[in-house]
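To keep things clear, I will list the structure first and then write my remarks on it.
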Amino acid sequence: MTTRIIPVDDFDLVIFGATGDLSQRKLLPALFHRDEQGQLPPGACIIGTSRKAMSHDDFRAFAAEAIASHVKASEAPKEVVDRFLARLRYYSAEATKDDGWIAIDQELADRKDVVRVFYLAVGPDLFGAICERLGQHGLVTPKSRVVVEKPLGKSGESAEALNTVIGKVFPEPAIYRIDHYLGKETVQNLMALRFANVLFEPLWNHNYIDHVQITVAETLGVEGRAGYYDTAGAMRDMVQNHMLQLLCLTAMEPPSCLNADAVRDEKLKVLKALKPMTAERLEHHIVRGQYRAGASESGPVPGYLEELGSPTSETETFVALKAELRSWRWNGTPFYLRTGKRLPTRVSEIVVQFRNIPHNVFEASAGPPMPNRLVIRLQPNEGVKLDLMIKDPGPGGMRLQQVPVDMTFQEVFNVRNPDAYERLLMDVVRGNQTLFMRRDEVDAAWAWVDPILDYWKLSHDMPKPYTAGTWGPASAIALIERDGRTWHDEGLA
């Protein structure tokens, strides 16, 4: 099977923070792949800018190194690399000063009729300053769009302030709040599974689904991001955005169509239906942890405090929680969320656990029937697995066995699985906001998360320690087992 490549119109993409880690690891390789696949038009231009002094050729050399490091050699023929590098320009500019902005304006002056994308691959403290200067220098056209990376604030109040500053320069339809998890192939296949198959949607409710688990696990620690991470923590860094978005897509009602506002209207309803985390619920429905020295990926690793270089910290590197929805569809069906650093394996998945059969017609010798389970794997090895009960082959009577119907995208489609940024960048150029967060979604997510953060701050309750290479504190296991359930760790280290 092959994928269909849909070209986009001419565009100019200006990357602020173009010499940073995100640009090197994700943005430049993603744009190169789209060029290699023939999706970029001849007139597409990519302009890098940052504080660093650099010539056009220096930036092209930086991009060439990024491609060599993050793109397979077999996917990067020299003629395509040369074609991509020829699209690149670079201008040094100060986000908080006027230095360098005139040169960017002159580069873009003759192309006001094409789509213009400003990608802010910088810290959120610079979002406002950059947007203000874009407005002051007349760089914002009717076809301009701005992309902002998470984290969008550290609380609802700070997110509101950021959104207000950005909104003074760009109208809401021109603001793209990016969450790369929503660009993953499997996340979108969740919508295809639900809304393109008659099999699942009639069962997608509390009558047939016992519970849902969402796990985003990392084997890495904070590495060189300890300074930033200690001001954020797992709740801000993962739960408030990535995990709540996955919950929304799993739990939302079928939209009337797949346009941006129809989908985001339904996601907003889910966020508003979340039961508030009161002080009483916080004591029993959430666990936070912080990793200590241990072993990860077959080697010893330091603890969080050692990586941070501090004797103490109240920042969580692990969160497990039980969320519930006040809705007709999901009443009584809990959603268990779990995320952390220095866990045994790198995996992101959504597990939909169905209820057991209402009556067992088989004799005891057949073995107990196990409930069906749908596992949607986001990374690695993106795919979908459905556990079914069948008869064990052979004579000797009826013996039941649970077996997986397993579909891995790489094996089925035999094509390279595009990185999430490839899809999202092209969606920005097309003007499709379906996979991007609307302002009221951000507000609703913070409205649910802020009371949790406030409770932790006021209580000074320290995160529970866990050894690196394990599945978090023991209390995270107790969180789900108190309900007679268990975490889905099958096939995981």
Near residue 72, which lysines are there with a Cα under 19 Å away, not counting those fewer than 8 places off in the same chain? 26
Kirkwood-type radius of segment 1-97, with distances r between different C-alpha atoms, in Å: 13.8 Å
In this structure, among 269/457; 143/168; 267/385, pairs with alpha-carbon gaps over 19 Å are 269/457; 267/385
Tell me, what HN-Hα J-couplings in whole Hz come from the Karplus equation 6.51 cos²θ - 1.76 cosθ + 1.60 at θ = phi - 60° for each residue of segment 207-212, using x for Gly and Pro? 5, 10, 9, 6, 6, 10
accessible surface per residue for segment 346-453, probe 1.4 Å, DNA/RNA/ligands not counted, whole Å² -> 47 Å²
Cα extents of the chain along the three principal axes, largest first (Å): 79, 55, 48
Can you work out the base-10 log of I(q)/I(0) for segment 129-185 at q = 0.13, 0.19, 0.28 1/Å, using the Debye formula on its C-alpha atoms alone? -0.36, -0.72, -1.20
Residues with amide H under 5 Å from that of residue 119, placed H, sequence gap 5 or more: 14, 15, 16, 147
Just the accessible area for residue 28, please: 1.4 Å probe, Å², rounded to the nearest 10? 0 Å²
Hull shadow area, averaged, segment 188-258 [alpha-carbon convex hull, nm²]: 6.7 nm²
Probe 1.4 Å, all chains present, heavy atoms only: residue 268 accessible area in Å², nearest 10, is 20 Å²
Of all accessible surface on segment 67-186 at a 1.4 Å probe, what whole percent is carbon and sulfur? 52 percent
Using alpha-carbon positions, what is the distance between the centroids of segment 438-493 and segment 196-270, in Å? 14 Å
Relative contact order %, the chain, counting alpha carbon pairs below 8 Å whose residues are six or more apart: 18 percent
Beta bridge orientation in the chain: antiparallel %, DSSP, nearest 5: 55 percent
Over segment 154-208, volume per residue of the alpha carbon convex hull, in Å³: 149 Å³
With every protein chain left in place, what is the accessible area per residue of segment 14-149 in square angstrom, probe 1.4 Å? 43 Å²
With the convex hull built on the alpha-carbon atoms of segment 119-222, volume per residue in Å³ sits at 178 Å³
Would you kindly find the accessible area of residue 338, with a 1.4 Å probe and non-protein molecules such as ligands, DNA and RNA excluded, rounding to the nearest 10 Å²? 0 Å²
Quick check: with the 1.4 Å probe, what order do 131, 257 take by accessible area, largest first? 257, 131
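The values are calculated or read from the model by the stated rules, or taken from the named source; none is laboratory data. Since the model is a prediction, treat every value here as computed from it, not as a measurement. What goes into the accessible areas is simple: the full protein's heavy atoms, side chains included, and nothing from ligands, DNA or RNA. Shrake-Rupley method; radii C 1.70, N 1.55, O 1.52, S 1.80 Å.
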